[in-house]
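Here is the structure we will look at.
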Amino acid sequence: MAKLNKKIWALGVIGIFLLGAYVIKTSTISEKAKTKNSIFGRSSVEQNNSLGSVADPNYKVTFPKDHRAHDQFDIEWWYLTANLKDEDDNPYGLQWTLFRFKNPNTSVDSTNSSSSSTELSNNEWHNNQIYMAHASIHSLDKHWFSEKFARGGVGNTGLTKLPFSLFIDDWQWLNSDEESGLLPATLSFSATDTATANTQISAEFTLQQTGPLVLHGEQGFSVKSTGKHASHYYSAPFINIEGVLNHADNDVNSTPIKLKGQAWFDQEWTSQLLDDSTQGWDWLSLHLDNGSKIMAFRMRLKIQPDYITGSYISQNGEQTTLQPKDLTLKPISIKKVDNKQLPLSWQLTIPSKEIDLTISTLKDNQWNNASIPYYEGMVKIEGSHGGAGFLELTGY
């Protein structure tokens with residue numbers, strides 16, 4: 001048995017080494033280019049002439065087709081955040097994300113930029129898609145977080161069309177009506193306590209759509225700077241979510257935690273946000289207490305002014321694009337988290353909607369110390385309106 005355990009351990013080490021070698025190989029860049037990495041740890045796509053497909057203002061986003069992957073774009077994400085409360089009214093924050101990266105060092109033939117080379121019909125190991133997934137749960141005193149990686153096209157990550165699903169290993173978003181649409185869905189994943197060894201949670205949630213999908217910008221073409229930065233971007237901001245956290249401390253099961261609240265889903269695909277002029281961005285998704293929603297975004301760029309844009313979404317789902325002249329978004333408090341100075345309180349105003357908000361985090365340390373680290377955490381809203389939401393900070 002001891003020899004068998006040593007062999008299993010050795011195989012595990014070899015597996016980790018091979019995965020690390022693969023990730024390093026797919027990100028290989030020259031020493032000169034390393035000084036100009038983007039916030040995603042990649043060299044400037046202009047330098048290696050491998051820029052993926054560019055967001056097109058004439059492209060018409062349609063469903064359910066555009067719930068699926070857009071492999072010719074350099075990066076894409078399916079992103080869920082949720083503001084939850086337990087039966088004692090204690091707040092919890094949930095984040096579940098599947099990221100897709102196009103590897104600029106390999107290529108596959110494709111005649112349709114909106115088709116997915118990662119669906120189960122493609123089992124080729126030589127694939128130019130890399131997937132990463134994050135799962136995070138915050139209470140006021142705990143943080144559970146886990147991260148997964150997989151190569152596309154092998155069968156353990158990607159999506160299916162019917163029923164629609166997003167998956168990586170045993171983490172899964174699955175249309176619960178066995179349809180091709182995004183919602184309704186069940187979501188299952190697990191995560192590890194970041195402060196306590198051998199402590200994990202497993203999560204099972206149901207998601208019900210209560211309002212329409214929303215296209216940001218001009219019919220889903222979302223401008224992010226006065227230059228070339230843009231993406232295709234839509235949201236499902238009207239989602240009721242409820243479920244259960246089961247957690248075990250050192251293999252001792254604890255009482256399940258029942259949670260419910262409201263969630264926000266984003267899907268976005270782009271190539272331009274990976275260039276070396278991108279320093280990072282600050283993003284807010286807000287559920288106001290009158291039923292309306294706000295998405296606000298500040299793009300931080302080198303040698304350019306910050307670019308601020310967003311969407312105001314009425315209670316019935318009508319979207320209004322907010323140009324830089326239509327809103328202000330500015331930090332009002334900087335705090336140190338994980339040795340980084342982060343803007344954790346913000347003022348947001350939309351004069352045309354008589355909105356003047358102060359937005360602040362429910363707890364300071366909501367940092368995801370992942371391979372690509374960033375801040376993702378629950379916020380409260382005060383001022384002309386109350387409410388709850390999420391703040392994302394990248395590139396710090």
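Can you pull out every residue in the range 347-396 that is small (Gly, Ala, Ser) and over 13 Å from residue 284 (Cβ atoms)? Steps first, answer last, please.
So the first thing to find is which residues in the range 347-396 are small (Gly, Ala, Ser), and the list is 352, 360, 370-371, 377, 383-384, 386-389, 395.
Correct list: 352, 370, 371, 383, 384, 386, 395.
Quick grid of which residues meet (1) assigned to a strand (DSSP E or B); (2) over 22 Å from residue 366 (Cβ atoms); (3) open to solvent by less than 10 Å² (accessible area, probe 1.4 Å); (4) not aromatic (Phe, Trp, Tyr):
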site	(1), (2), (3), (4)
284	yes, no, yes, yes
294	yes, no, yes, yes
312	yes, yes, no, no
316	no, yes, no, yes
325	no, yes, no, yes
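Is at least one residue of the range 177-185 within 17 Å of the chain's Cα centre (by Cα) and either open to solvent by 50 Å² or more (accessible area, probe 1.4 Å) or of a type outside the set (Lys, Arg) (or both)? Break it down stepwise before answering.
Restricting attention to the range 177-185, the residues satisfying the condition of being within 17 Å of the chain's Cα centre (by Cα) are 182.
Among the residues that remain, those that are also either open to solvent by 50 Å² or more (accessible area, probe 1.4 Å) or of a type outside the set (Lys, Arg) (or both) are: 182.
Yes, that holds for at least one residue.
Is it the case, given these coordinates, that residue 146 is at pLDDT 95 or above, open to solvent by 30 Å² or more (accessible area, probe 1.4 Å) and small (Gly, Ala, Ser)? When the stated conditions are applied, residue 146 does not pass them.
Looking only at the range 267-280, count how many residues are on the phi < 0 side of the Ramachandran plot, in a strand (DSSP E or B) and either open to solvent by less than 10 Å² (accessible area, probe 1.4 Å) or hydroxyl-bearing (Ser, Thr, Tyr) (or both).
Taking the range 267-280 as the starting set, the residues that turn out to be on the phi < 0 side of the Ramachandran plot are 267-279.
Next, from what is left, pick out any that are in a strand (DSSP E or B): 267-270, 278-279.
Still in the running and either open to solvent by less than 10 Å² (accessible area, probe 1.4 Å) or hydroxyl-bearing (Ser, Thr, Tyr) (or both): 267-270, 278.
Result for the range 267-280: 5.
So which residues in the range 338-375 are free of Cβ contacts under 8 Å to residues at least 40 places away in the same chain, open to solvent by less than 40 Å² (accessible area, probe 1.4 Å) and closer than 26 Å to residue 143 by Cα, if there are any at all? Answer for the range 338-375, where residues must be free of Cβ contacts under 8 Å to residues at least 40 places away in the same chain, open to solvent by less than 40 Å² (accessible area, probe 1.4 Å) and closer than 26 Å to residue 143 by Cα: 345, 360, 361, 367, 374, 375. Inspect the range 78-87 for any residue being assigned to a loop (DSSP other than H, G, I, E, B), open to solvent by 10 Å² or more (accessible area, probe 1.4 Å), at pLDDT 95 or above and within 30 Å of residue 139 (Cα to Cα) and give the result as yes or no. Yes: the range 78-87 contains one or more residues that are assigned to a loop (DSSP other than H, G, I, E, B), open to solvent by 10 Å² or more (accessible area, probe 1.4 Å), at pLDDT 95 or above and within 30 Å of residue 139 (Cα to Cα). Evaluating residue 188 against the criteria (1) open to solvent by less than 50 Å² (accessible area, probe 1.4 Å); (2) touching a residue at least 40 places away in the same chain (Cβ under 8 Å) leaves one unmet condition, (2). Every listed requirement among (1) β-branched (Val, Ile, Thr); (2) within 18 Å of the chain's Cα centre (by Cα); (3) over 22 Å from residue 216 (Cβ atoms) is met by residue 379 save one, (3).
For the range 156-176, which residues satisfy the criterion of being more than 16 Å from residue 67 (Cα to Cα) and either touching a Ser or Thr at 6+ places or on another chain (Cβ under 9 Å) or open to solvent by less than 20 Å² (accessible area, probe 1.4 Å) (or both)? Working first, answer last.
Taking the range 156-176 first, the residues more than 16 Å from residue 67 (Cα to Cα) are 156, 168-171.
Across the range 156-176, the qualifying residues are 168, 169, 170, 171.
Taking the range 191-212 as the range and being of a type in the set (Ser, Thr, Tyr) and in contact with a Gly (Cβ under 8 Å, 6 or more places away or on another chain) as the test, only 206 passes.
Go through the range 118-143 residue by residue and tally those that are in a loop (DSSP other than H, G, I, E, B), under 21 Å from the mean Cα position of the chain (by Cα) and at pLDDT 95 or above.
As a first pass, look at the range 118-143 and keep what is in a loop (DSSP other than H, G, I, E, B): 118-128, 139-142.
Within this subset, residues satisfying the condition of being under 21 Å from the mean Cα position of the chain (by Cα) are 118-119, 128, 139, 142.
Next, only the ones that are at pLDDT 95 or above stay: 139, 142.
So the answer is 2.
The values are calculated or read from the model by the stated rules, or taken from the named source; none is laboratory data. Keep in mind it's a predicted model, so treat the numbers as computed, not measured. We place every Cβ from the backbone using ideal geometry, glycine too, and count neighbours over all the protein chains shown. Ligands, DNA and RNA are stripped out before the accessible areas are found, and what is left, the full protein with its side chains, is counted by its heavy atoms. Shrake-Rupley method; radii C 1.70, N 1.55, O 1.52, S 1.80 Å.
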